[in-house]
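Please read through the structure below; I'll follow up with questions.
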Ligand code: RUQ
Ligand code: CUA
C-alpha cells in the first residue's frame, strides 16, 4: 500500500517535472496556454499533483473524440444516456419509453405509433423505469449494432438501432406488469431476455393475496431478435412460467455455458407482506430463510419444447408452464445466500458470481459442476413446484469475503473482477481463479484492493466489462447518493457517476472524476469501444422513415410538394431545406382532418430542421433525409404561425409559415 502511494507520488512528481520543464525551457507555447502557466493555475485553484494527473487522464481536447461510449439507463426519464469516456461528456439523451420534444419523439405519427404499441390496454404511459441497457453481441462480444433496454415499471422492452440511435420498437410484456431481470442478450443476440420481478397473477387477472402460492407467478420472457429486420419477432418469442419467488437480475451464459440462463430470486419464503395486518413486512418476511434460489435455465431445451408446440397460450402468448419445465429438465434451482442481487457470468463463461445486500461474500458457482449435477441427476430434492434442486456444495466453487453489501460484478482482461459494495460505498477488486486467470500468476479468488466511492454504489460498468473480451482501463461507479459532492441544488440531489482508472494491474485504482447526473435513478450502463459504433451521418436517402429504416412512401423530392383535399381530409406534402418550407401557406377549414408529411431534403451533415406548430402541441426533429408525419384535427379556427425550431442557418428565423384555419 505504502509503496503504491510512493510510486504514485513519484509519477506525479515526474509529470509535474516534465510540465515545468516544458514551461521553463521549451518555447512559450509549450507551457503557457493562453494567459496562464500550469503551476500558477494549479496553485491558484488548489489542485494537487494527483488532481493534475486525473485531469490529464480525463481531459479530451476540443475537437477530439472519446475512446469509449457509455450507454446508461436514464432512470425514471424512460430514456438512455450516451456518455463519452473518459471525458464523461454527455453526448446524447435517447428517447425510449417517454415522449422527448427535441427529438420529436412521440409527436410524429410514426413515433407515436411505436410508443402506443407498448401501452397496456391503450392507456398512456408517460414514464419508464429504465434499468439495464444491453448492447447486441456477436460471439459474446459487443458488435455496436443495437441496444436494448427494459422498463421495470410496466414490464416493457425496447430495441434501439445504433445506426441512427433511435428507438425502433417497444414491446409490452403480455404476462406481467413488472420486470427487472432484463434486458440481457444471448452471445449472438438470438434472444433478448426479460425476467420478471414482483410475482402477480397474469396481467389482467385477479387473485386474492391469500392465493399467492397457487395463483401468483413469476416469469422470464425470451424475445426472439431478428438482426436483419432489426426487430424482435413476437411470434417467435415465448416465456417460461416461474414460481412466485420474486426473480431478480439475470445473465446469459457464454462460451462453456452458452445456451443457459442464470437468474436470482429473493422471496422463496413466499412472503406476502401485510404489515398493517400484523404480518411481517416484506423486508423481514422475504429474508427469513438463509437461502434463496439461483434459477438455472436450459434455454436450448426450452426453445426446442416451444418449437415442438409444448407451450400453452396465456394472454395469447406461448408459455412453457412450470410443470412442463420441471419435468422436462428446463429449470433447476441452487440455494444462494439470502437476498441476492447481482448474477454475473465471468468472461470464460464458467463461473457465475452472485452477491447480495445481506451477505459480505461473493458466492462463485462453477458451471461445470452444475452441468455435471444436471447430467447425473444429482439432486438434493425438489421445491414445492416440483423443480429439482442442486445442493449448494455441489455447485459452488468458493466464496470470497468482499465487504458490506456486495451487489454487481464486472471483469477486466487482467484476471480481476470488480464488485460494487453498496453499504460500504466502495468498489472491490479481486482475482478470479480457474484456467482463464491462471496465466496471470496471481493468487486466485483473493481480494486485492478497494476504493471508496461517493456514495452508495449500485451498478458498476467496466469498459466492455461484461462480455467475453473485457477491455478494462476504466470503471464507472453508478452511485445513488451524492451528499456533499456538488453545489447544493435543493433537497433532490443529482446522482453521481464516478470515473475510476483501473488500467494498472499492479497498482491501485484511482478515482478520476465525478459526473453529476441530473436525472435519476440510473441503474446499469455498458461501455463500448467507440470505433465499434458505425452510426450514419445523414439518412441514406431523401425521404427516409427511421421507423422502418427504409424509404417512406410519404417522402418527396424538391418540386413534388403539394396539398390535396379529399372530402374533409387535407393531406400536405412539404419539404424543408435551408431556409424555407415549401409550401409556406397551408389553409384548411375548421374540422378538417390534417395529414401532413415533411421531408428534410438536405444532404449535409448536421443540417437538421425542426417543425413547431403552436396550439396543436407539435414539435418535430427532421434530420437530413428524414420524413415524418403529423395527423390532427384542425378543431379551432385561427392563424397558427409554424416555424423551424432548430437554429439551422443565418435565415433560420425566416424559416416559417402560416397554417390558416378558416371558420
Ligand atoms: S438493479 S442498482 Cu440492476 Cu442493482 Cu439497479
Ligand atoms: Cu430550419 Cu431553422
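Let's see how each residue does on (1) more than 16 Å from ligand 2 (Cβ to nearest atom); (2) in contact (Cβ under 8 Å) with a residue 40 or more places away in the chain; (3) buried (at least 21 other Cβ atoms within 10 Å of the Cβ):
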| site | (1), (2), (3) |
| --- | --- |
| 96 | yes, yes, yes |
| 99 | yes, no, no |
| 104 | no, yes, yes |
| 107 | yes, yes, yes |
| 111 | yes, yes, yes |
| 116 | yes, no, no |
| 122 | yes, no, no |
| 130 | yes, yes, yes |
| 133 | yes, yes, yes |
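Which condition does residue 655 not pass, out of (1) more than 8 Å from ligand 2 (Cβ to nearest atom); (2) within 25 Å of residue 541 (Cβ to Cβ), if it passes all the others?
Here residue 655 meets the rest and fails (1).
In the set 144, 218, 195, 181, which member is touching a residue at least 40 places away in the same chain (Cβ under 8 Å), touching a helix residue (DSSP H, G or I) at 6+ places or on another chain (Cβ under 6 Å) and not in a loop (DSSP other than H, G, I, E, B)?
144
Out of (1) at pLDDT 95 or above; (2) over 16 Å from residue 344 (Cα atoms), what's the single condition that is false for residue 430?
Among (1) at pLDDT 95 or above; (2) over 16 Å from residue 344 (Cα atoms), the lone unmet condition for residue 430 is (2).
Residue-by-condition table, conditions (1) surrounded by fewer than 23 Cβ atoms within 10 Å (Cβ to Cβ); (2) in contact (Cβ under 8 Å) with a residue 40 or more places away in the chain:
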| residue | (1), (2) |
| --- | --- |
| 292 | no, yes |
| 299 | yes, yes |
| 309 | yes, no |
| 319 | no, yes |
| 323 | yes, yes |
| 333 | no, yes |
| 340 | no, yes |
| 343 | no, yes |
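Which of the following residues is over 24 Å from residue 549 (Cα atoms) and within 16 Å of ligand 2 (Cβ to nearest atom): 616, 642?
642
Show me the strands (runs of 3 or more DSSP E) entirely contained within segment 553-663 in which 2 or more residues are within 39 Å of the chain's Cα centre (by Cα).
Ranges flagged: 569-577, 580-582, 593-600, 609-613, 618-622, 627-633, 638-643.
Follow-up. Somewhere in segment 357-375, is a residue closer than 23 Å to residue 184 by Cβ, within 16 Å of ligand 1 (Cβ to nearest atom) and part of a loop (DSSP other than H, G, I, E, B)?
Yes, some residue in segment 357-375 is closer than 23 Å to residue 184 by Cβ, within 16 Å of ligand 1 (Cβ to nearest atom) and part of a loop (DSSP other than H, G, I, E, B).
Then there's this: Before we move on, is residue 187 under 23 Å from residue 73 (Cβ atoms), outside any strand (DSSP E or B) and touching a helix residue (DSSP H, G or I) at 6+ places or on another chain (Cβ under 9 Å)?
Yes.
Given the criteria in contact (Cβ under 8 Å) with a residue 60 or more places away in the chain and in a strand (DSSP E or B), does residue 519 qualify?
For residue 519, the condition - in contact (Cβ under 8 Å) with a residue 60 or more places away in the chain and in a strand (DSSP E or B) - is not met.
Would you mind telling me which numbered condition in (1) assigned to a loop (DSSP other than H, G, I, E, B); (2) touching a residue at least 12 places away in the same chain (Cβ under 8 Å); (3) more than 16 Å from ligand 1 (Cβ to nearest atom) residue 424 fails?
Of everything listed in (1) assigned to a loop (DSSP other than H, G, I, E, B); (2) touching a residue at least 12 places away in the same chain (Cβ under 8 Å); (3) more than 16 Å from ligand 1 (Cβ to nearest atom), residue 424 misses just condition (3).
More than 13 Å from residue 182 (Cβ to Cβ) and surrounded by 22 or more Cβ atoms within 10 Å (Cβ to Cβ): which single residue out of 225, 282, 266 fits that description?
Exactly one residue qualifies, and that residue is 266.
Over 17 Å from residue 217 (Cα atoms), in contact (Cβ under 8 Å) with a residue 12 or more places away in the chain and touching a strand residue (DSSP E or B) at 6+ places or on another chain (Cβ under 7 Å) - does that describe any residue in segment 261-269?
yes
Determine whether segment 394-404 contains at least one residue that is within 16 Å of ligand 1 (Cβ to nearest atom), under 23 Å from residue 88 (Cβ atoms) and in the same structural domain as residue 512 (by TED's automatic domain parsing).
Scanning segment 394-404, I find no residue that is within 16 Å of ligand 1 (Cβ to nearest atom), under 23 Å from residue 88 (Cβ atoms) and in the same structural domain as residue 512 (by TED's automatic domain parsing), so the answer is no.
Let me ask something else about it. Out of segment 512-571, which residues are surrounded by 15 or more Cβ atoms within 10 Å (Cβ to Cβ) and on the phi > 0 side of the Ramachandran plot?
Passing the criteria: 543, 549.
Here is a check on your reading of the model: is residue 566 more than 16 Å from ligand 2 (Cβ to nearest atom) and in contact with a strand residue (DSSP E or B) (Cβ under 8 Å, 6 or more places away or on another chain)?
Here the answer is no, as residue 566 does not meet what is asked.
The values are calculated or read from the model by the stated rules, or taken from the named source; none is laboratory data. Note that the coordinates shown come from a computational prediction; the quantities given were computed from them, not determined experimentally. In this analysis, Cβ positions are derived from the backbone assuming ideal geometry, glycine residues included, and neighbour counts consider all displayed protein chains.
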